[in-house]
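Enquirer: Here's a structure for you.
The values are calculated or read from the model by the stated rules, or taken from the named source; none is laboratory data. As the structure is a prediction and not an experimental result, all values here were calculated from the model. Note: ideal-geometry Cβ built from the backbone for every residue, glycine included; neighbour counts use all protein chains shown. Only protein heavy atoms, including side chains, enter the accessible area calculation; ligands, DNA and RNA are left aside. Shrake-Rupley method; radii C 1.70, N 1.55, O 1.52, S 1.80 Å.
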Amino acid sequence: MTKRSKIAGAGMYVPGRVVTNDDLAKLMDTSDEWIQQRSGIRERRYISEGETPALLAQRATEAALADAGLEPRDVDCILLATLSGEHDFPGTSFFLHERLDFGEIPCMDLRAQCSGFLFSLGMADSLIASGRFRRVLVVGAEVHSTGLEFATRGRDVTVLFGDGAGAVLLEANDDANDPAGVLEVRMHSEGKHATKLWVEAPGSAIQPTRLTHEMVDNGRIFPKMEGRFVFKHAVTRMPEVLNETLSAASVKLEDVDIFLFHQANLRINEYVANALGIPPEKCPYNIDRFGNCSAASIPMLLAELKRDGKVRSGSLVAMTGFGSGFTWASALVRM
Ligand SMILES: CC(C)(COP(=O)(O)OP(=O)(O)OC[C@H]1O[C@@H](n2cnc3c(N)ncnc32)[C@H](O)[C@@H]1OP(=O)(O)O)[C@@H](O)C(=O)NCCC(=O)NCCS
């Protein structure tokens with residue numbers, strides 16, 4: 001019999017350095033008004049010297065384990081979702097592994113951009129369902145700030161992103177009387193749009209050296225995005241996959257207590273909620289304070305809401321995201 005998995009704990013961490021829209025307006029032609037109107041973002045966090053993605057991941061992991069009442073030695077496997085690897089290789093998960101006493105458990109990075117957390121949750125759920133592992137740590141960790149272009153040329157992307165990490169501890173639920181569990185996860189990709197939101201270099205496809213001086217000079221090391229194209233696909237795919245997930249679980253939209261949308265742009269989420277008739281009070285957000293933290297956004301939001309008692313034992317939570325790739329996914333979880 002397959003085993004059901006449940007979220008036993010959640011944690012989040014953001015670095016201390018606050019960067020406001022006005023701070024960015026000193027570096028590029030933008031304004032607090034433009035950014036807030038288009039995205040809902042007021043400020044974001046950036047790492048300071050000496051801080052790394054693995055450090056953010058470590059702090060989020062410690063918080064998630066404390067929430068679950070567990071120790072690193074209780075974890076059987078680590079899946080870390082990121083699009084901003086600490087180094088080219090090995091993956092960021094290994095630098096996290098180095099920081100805590102996990103023993104010799106396997107760890108791996110999963111690259112599905114802003115859907116990375118939900119893809120990892122889906123994979124972790126399958127690993128537990130198959131009986132291979134009992135407890136899987138799922139982490140989303142991003143440091144965007146060291147890869148953005150702080151000039152007017154990069155302003156469309158730069159103003160949107162921030163640094164942060166979120167983590168959940170997923171474990172087998174053997175108690176037939178405990179309804180907590182991951183009820184359904186649905187994931188999709190569409191590689192034909194891979195370059196609509198991407199960072200071209202450095203990359204192993206670039207010959208002969210992965211990175212040339214010309215690429216640096218021309219800004220091909222910075223993220224490029226067709227903003228309107230991404231927006232249009234996000235507002236179509238997110239309701240689609242959310243409906244697919246609810247229907248697969250035979251759950252009605254109105255029975256969901258809280259909708260956690262990926263924090264890419266408040267306007268995207270308002271559009272999706274409005275299209276589905278979801279009341280705003282069921283769609284909490286933290287993008288105003290943290291910007292888009294890609295794979296970390298959803299677990300960060302979940303951890304904040306759990307800490308504040310807004311997501312409780314028994315809450316029915318639907319998480320939905322869209323990202324580069326393109327990727328999109330949704331998960332329905334009874335806490
Ligand atoms: C990026 C986004 C906010 C831009 O909003 P938009 O209304 O589509 O704006 P446009 O791209 O059409 O640009 C409008 C104008 O604002 C300018 N602009 C772009 N970024 C700007 C900024 N940060 N500050 C000021 N002006 C800016 C553009 O250059 C353009 O100027 P022009 O009319 O002179 O050419 C929006 O497209 C978006 O949110 N897309 C999805 C992004 C996303 O979610 N990405 C992550 C997915 S995981």
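Enquirer: Please give the number of the condition E190 fails out of (1) surrounded by fewer than 14 Cβ atoms within 10 Å (Cβ to Cβ); (2) without any contact (Cβ under 8 Å) to a residue 40 or more places away in the chain.
Expert: Of the numbered conditions (1) surrounded by fewer than 14 Cβ atoms within 10 Å (Cβ to Cβ); (2) without any contact (Cβ under 8 Å) to a residue 40 or more places away in the chain, the odd one out for E190 is (2).
Enquirer: Restricting attention to segment 44-61, does a residue exist that is hydrophobic (A, V, I, L, M, F, W, C) and either over 18 Å from the mean Cα position of the chain (by Cα) or within 16 Å of the ligand (Cβ to nearest atom) (or both)?
Expert: no
Enquirer: Could you run through segment 310-331 and say how many residues are in contact with a strand residue (DSSP E or B) (Cβ under 8 Å, 6 or more places away or on another chain) and not in a strand (DSSP E or B)?
Expert: 7
Let's see how each residue does on (1) out of contact with any strand residue (DSSP E or B) (no Cβ under 8 Å at 6 or more places or on another chain); (2) open to solvent by 30 Å² or more (accessible area, probe 1.4 Å); (3) part of a helix (DSSP H, G or I); (4) closer than 18 Å to G323 by Cβ:
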residue	(1), (2), (3), (4)
S204	yes, yes, no, no
T209	yes, yes, no, no
V216	yes, yes, yes, no
R220	yes, yes, no, no
R228	yes, yes, yes, yes
F231	yes, yes, yes, yes
A234	no, no, yes, yes
M238	no, no, yes, yes
V241	no, no, yes, yes
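Enquirer: Output the qualifying pairs, or none if there are none: Cβ atoms under 8 angstrom, residues six or more apart or on different chains, first residue in segment 297-319 and on the phi > 0 side of the Ramachandran plot, second residue open to solvent by 30 Å² or more (accessible area, probe 1.4 Å).
Expert: G314/P179; G314/R334
Enquirer: Within segment 306-334, how many residues are surrounded by 21 or more Cβ atoms within 10 Å (Cβ to Cβ) and farther than 30 Å from K196 by Cβ?
Expert: Within segment 306-334, residues that are surrounded by 21 or more Cβ atoms within 10 Å (Cβ to Cβ) and farther than 30 Å from K196 by Cβ number 3.
Enquirer: Any idea how many residues of segment 100-118 are within 22 Å of M238 (Cα to Cα) and open to solvent by 30 Å² or more (accessible area, probe 1.4 Å)?
Expert: 3
Enquirer: Looking only at residues that are in contact with a Ser or Thr (Cβ under 7 Å, 6 or more places away or on another chain) and not polar (S, T, N, Q) in segment 245-258, which one is least open to solvent (accessible area, probe 1.4 Å)?
Expert: I258
Enquirer: Can you report the number of residues in segment 79-113 which are in contact (Cβ under 8 Å) with a residue 60 or more places away in the chain and within 17 Å of E200 (Cα to Cα)?
Expert: 6
Enquirer: Which one of these is more than 14 Å from Y13 (Cβ to Cβ) and buried (at least 22 other Cβ atoms within 10 Å of the Cβ): L83, L70?
Expert: L83
Enquirer: Now a separate question. Could you tell me whether L301 is open to solvent by less than 10 Å² (accessible area, probe 1.4 Å) and either within 16 Å of the ligand (Cβ to nearest atom) or within 18 Å of the chain's Cα centre (by Cα) (or both)?
Expert: Yes, satisfied.
Enquirer: Does A264 count as among the small types (G, A, S), closer than 24 Å to I35 by Cα, outside any helix (DSSP H, G or I) and at pLDDT 95 or above?
Expert: yes
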